[in-house]
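To start, the structure itself, in structure tokens.
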Amino acid sequence: MKVLFDYQGLIQRIGGVSRYHVELFRNFSDDIEAVMPKILSDNVYLSQFGISHRSIELPVDNKKKQNLYKAINILQSRMYLSANNYDLFHPTGFNPYYVGKSMKPVVLTVHDLNFFKFPNMLPKSDVVQDKMRRCINYADHIIAISEETKDDLINVLDVNEKKISIVYHGIDQDLIQSEEKPLVDAPYLLYIGGRNGYKNFTRFIKAFSIIDEDIHLVCTGMPFSHEEKELIETLKIGNRVHQMFVSDKELNNLLCNAMAFIYPSLGEGFGLPILEAYRCGCPCIISDLKCFREVAGNSAHYFDPKDVDSIANTIKETVSNKQCLYGLKEDGYKRMKLFTLKKTAEETEKVYHRVLGK
């Protein structure tokens, strides 16, 4: 079976969406031939695993470069679509350039509906909503990455339940142990990634300010904004809060040595960082979201993400109990085994065969 993929989810330099698709390519059985134009991309995972692509020697954040990438990639994708030399099309994003142009069935992965659930917290929500609606309505079948995403598709966009299959993300099962010196010489909690609106960072940092003064907080990702710096100083925790931009290796070091990973988001589609924490033996203290419970089960401690006291008290009660932290670590190892990359690929293949009636 030839499955055509396009450029969309693979032009980000790093990120969960691109990693998801690259791991599909690597774990499909011999029955699936993944077909993709030789796209223009600076994606780290394409390079890491030797997947054919091209790049231009200009800064990654150069706007003209990104626009050129997009224009050429769309042109190439349309050429592949019109050539009709494939059995099924699996677009990797929500640019509707292909709507009405695929002569074969379309399977679309939907990771979350946050642009519908948190429109005031994300940029250009109305534009993104329109694009998503067009792509979702055009798809012959949809892969939802969690029960929560499936429920949102049904309740928010009125998608027919029969049109949706749930396929969970997977993760490499090799455990990670950092034998190098810890990057941070203090007991700390770890916060990873974006801090915009629905990520709930402001409420979390207020909760952190009432936690034991001996515990530090490490935040990876972009430097703090002016507003975040002001809030941190107002709360008088500047000496305990640290921002770091780290490599994958350094992130593993942070996860392996943290007291716990904190995930205070108001909404997500899955929760892959939870599995990444488990892989490093890091206990998880996270928002009480349906999709997080799908991932973590009883292998994490949960708080109400809208309640500062709930966040603070859950963290304090967990990190003060060494036996509890050890139990969460061991339970995390076991839970992770339920989410393999091979299983994700196998379940995706089943969707393809079902759509094609094979």
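The values are calculated or read from the model by the stated rules, or taken from the named source; none is laboratory data. Computed from a predicted structure; not experimentally measured. Virtual Cβ from ideal backbone geometry, glycine too; neighbours counted across all protein chains shown. For the accessible areas, the whole protein counts, side chains as well, though only heavy atoms, and no ligand, DNA or RNA atoms are used. Shrake-Rupley method; radii C 1.70, N 1.55, O 1.52, S 1.80 Å.
Considering S18, S41, S29, the condition of being surrounded by fewer than 20 Cβ atoms within 10 Å (Cβ to Cβ) and small (G, A, S) is satisfied by S29 alone.
In segment 281-298, which residues are part of a loop (DSSP other than H, G, I, E, B) and either at positive phi or in contact with a Gly (Cβ under 9 Å, 6 or more places away or on another chain) (or both)?
Just the residues of segment 281-298 that are part of a loop (DSSP other than H, G, I, E, B), to begin with: 281-283, 288-289, 297-298.
Correct list: G281, C282, P283, L289, G297.
Among all residues of segment 70-92, there is at least one that is part of a loop (DSSP other than H, G, I, E, B), within 20 Å of I142 (Cβ to Cβ) and in contact with a Cys (Cβ under 8 Å, 6 or more places away or on another chain). So, in segment 303-358, of the ones that are within 30 Å of I164 (Cβ to Cβ), within 23 Å of the chain's Cα centre (by Cα) and β-branched (V, I, T), which residue ends up surrounded by the fewest Cβ atoms within 10 Å (Cβ to Cβ)? Checked segment 303-358; the qualifying residue surrounded by the fewest Cβ atoms within 10 Å (Cβ to Cβ) is T340. If you scan segment 131-155, which residues turn out to be open to solvent by 60 Å² or more (accessible area, probe 1.4 Å) and under 13 Å from K290 (Cβ atoms)? Within segment 131-155, E147, N155 qualify. If you go through segment 93-103 and keep only what is free of Cβ contacts under 8 Å to residues at least 60 places away in the same chain and either outside any helix (DSSP H, G or I) or open to solvent by 30 Å² or more (accessible area, probe 1.4 Å) (or both), you end up with V99, G100, K101, S102, M103. Can you confirm whether segment 44-56 contains a residue that is of a type in the set (A, V, I, L, M, F, W, C), touching a residue at least 40 places away in the same chain (Cβ under 8 Å), closer than 24 Å to N27 by Cβ and in contact with a Phe, Trp or Tyr (Cβ under 7 Å, 6 or more places away or on another chain)? Within segment 44-56 (the criterion being of a type in the set (A, V, I, L, M, F, W, C), touching a residue at least 40 places away in the same chain (Cβ under 8 Å), closer than 24 Å to N27 by Cβ and in contact with a Phe, Trp or Tyr (Cβ under 7 Å, 6 or more places away or on another chain)), the answer is no, since none of the residues qualifies. Selection within segment 205-227: residues that are within 19 Å of I315 (Cα to Cα) and aliphatic (A, V, I, L, M). The member of this set that is surrounded by the most Cβ atoms within 10 Å (Cβ to Cβ) is A207.
Residues in segment 196-236 that are over 24 Å from the mean Cα position of the chain (by Cα), among the aliphatic types (A, V, I, L, M) and part of a loop (DSSP other than H, G, I, E, B): I210, I211, I215, L235.
Within segment 10-30, which residues are within 11 Å of A345 (Cβ to Cβ) and more than 17 Å from the chain's Cα centre (by Cα)? Result: F25, R26, N27, F28, S29. Restricting segment 300-319 to residues that are touching a residue at least 60 places away in the same chain (Cβ under 8 Å) and either among the β-branched types (V, I, T) or outside any helix (DSSP H, G or I) (or both), the residue that is nearest to P264 (Cα to Cα) is P305.
In segment 284-298, what residues are farther than 16 Å from F118 by Cβ and open to solvent by 10 Å² or more (accessible area, probe 1.4 Å)? Matches in segment 284-298: D288, R293, E294, G297, N298. Among the residues of segment 228-269, those that are over 20 Å from K199 (Cα atoms), open to solvent by 50 Å² or more (accessible area, probe 1.4 Å), free of Cβ contacts under 8 Å to residues at least 60 places away in the same chain and not polar (S, T, N, Q) comprise E233, K236, D248, K249. Of the residues making up segment 142-185, those that are in a loop (DSSP other than H, G, I, E, B) and free of Cβ contacts under 8 Å to residues at least 60 places away in the same chain are D158, V159, N160, E179, K181, D185. Annotation note: Cβ proximity below 9 Å between a residue of segment 212-225 that is within 13 Å of N239 (Cα to Cα) and modelled with pLDDT under 95 and a residue that is in a loop (DSSP other than H, G, I, E, B) and of a type in the set (V, I, T) (sequence gap 6+ or interchain) occurs for E213/I237.
I need the full set of residues from segment 91-133 which are over 19 Å from A144 (Cα atoms) and among the small types (G, A, S), in order please. Answer for segment 91-133, where residues must be over 19 Å from A144 (Cα atoms) and among the small types (G, A, S): G100, S102, S125. May I ask you to verify whether V167 is buried (at least 19 other Cβ atoms within 10 Å of the Cβ) and within 23 Å of G15 (Cα to Cα)? The answer is yes for V167.
L255 passes every criterion in (1) in a helix (DSSP H, G or I); (2) more than 21 Å from the chain's Cα centre (by Cα); (3) over 14 Å from F204 (Cβ atoms) apart from (2). May I ask you to verify whether F116 is modelled with pLDDT of 95 or more, in contact with a helix residue (DSSP H, G or I) (Cβ under 6 Å, 6 or more places away or on another chain) and aromatic (F, W, Y)? For F116, the condition - modelled with pLDDT of 95 or more, in contact with a helix residue (DSSP H, G or I) (Cβ under 6 Å, 6 or more places away or on another chain) and aromatic (F, W, Y) - is met. Looking at segment 186-208, I want the residues that are under 13 Å from L254 (Cβ atoms) and have a partner that is part of a helix (DSSP H, G or I) with Cβ atoms under 6 Å, at least 6 apart or on another chain. Which pairs are those? Listed by first residue and then by second, the contacts come to L190/L254; I192/P273.
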